[in-house]
Amino acid sequence: MTPARLRAFCLDFNGAVEEFPFGPDASVFKVLGRMFALSALDAVPLTVNLKCDPQDALRLRAEHPAIVPGWHMNKRHWNTVTLDGTVPDRLVRELVEDSYDLVVAKLAKADRLRLDRP
């Protein structure tokens with residue numbers, strides 16, 4: 001997973017935008033004002049913080065050394081994924097999508113409908 005592919009994938013979701021509230025080095029991907037991904041796209045190694053169901057977060061951390069509790073985030077609900085090739089791209093895409101879905105699920109019903117998400 002490259003920085004360009006990660007950015008493109010995050011922005012491909014309905015209503016997704018990239019903002020820089022923490023400065024020019026931290027890309028924050030949001031849907032209707034709520035963050036679902038955070039990454040310093042120029043960092044080496046490339047990492048991304050993603051929202052995750054707490055039970056899934058624990059399982060993923062146990063299965064993948066490159067997935068750890070979210071750096072500077074609520075450790076129960078966020079994971080930091082190091083994109084060093086040890087976590088398959090397919091899984092990374094699923095984790096980004098799950099993060100987006102978790103955030104959208106907390107939006108008001110009218111906002112979800114506006115995004116064409118039940």
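The values are calculated or read from the model by the stated rules, or taken from the named source; none is laboratory data. No experiment lies behind these values; they were computed from the predicted model shown. Don't worry about glycine lacking a Cβ; one is built from the backbone with ideal geometry, like all the others, and counts go over all protein chains shown.
Going through region 15-25 one residue at a time, which ones are surrounded by fewer than 16 Cβ atoms within 10 Å (Cβ to Cβ) and part of a loop (DSSP other than H, G, I, E, B)? Listed by number, the residues that qualify are PHE20, PRO21, PHE22, GLY23, PRO24, ASP25.
Of the residues making up region 55-72, those that are surrounded by 12 or more Cβ atoms within 10 Å (Cβ to Cβ) and of a type outside the set (A, V, I, L, M, F, W, C) are ASP56, ARG59, ARG61, HIS64, PRO69, GLY70.
If we keep just the residues of region 1-28 that are of a type in the set (A, V, I, L, M, F, W, C) and in contact (Cβ under 8 Å) with a residue 60 or more places away in the chain, which is farthest from VAL92 (Cα to Cα)? Let's see the steps before the verdict.
Step one: of region 1-28, the residues of a type in the set (A, V, I, L, M, F, W, C) are 1, 4, 6, 8-11, 13, 16-17, 20, 22, 26, 28.
Okay, now just the ones that are also in contact (Cβ under 8 Å) with a residue 60 or more places away in the chain, so 1, 6, 9-10, 13, 16.
Working: MET1: 8, LEU6: 9, PHE9: 10, CYS10: 11, PHE13: 15, ALA16: 17 Å.
Top of the filtered list is ALA16.
Residue-level check: of (1) closer than 20 Å to ARG7 by Cβ; (2) modelled with pLDDT of 95 or more, PRO65 misses just (1).
For region 73-118, which residues satisfy the criterion of being among the hydrophobic types (A, V, I, L, M, F, W, C), in contact with a Lys or Arg (Cβ under 8 Å, 6 or more places away or on another chain) and buried (at least 18 other Cβ atoms within 10 Å of the Cβ)? Spell out the reasoning first.
So the first thing to find is which residues in region 73-118 are among the hydrophobic types (A, V, I, L, M, F, W, C), and the list is 73, 78, 81, 83, 87, 91-92, 95-96, 102-105, 107-108, 110, 113, 115.
Restricting the remaining residues to those that are in contact with a Lys or Arg (Cβ under 8 Å, 6 or more places away or on another chain) gives 78, 102-105, 107.
Result: TRP78, VAL103, VAL104, LEU107.
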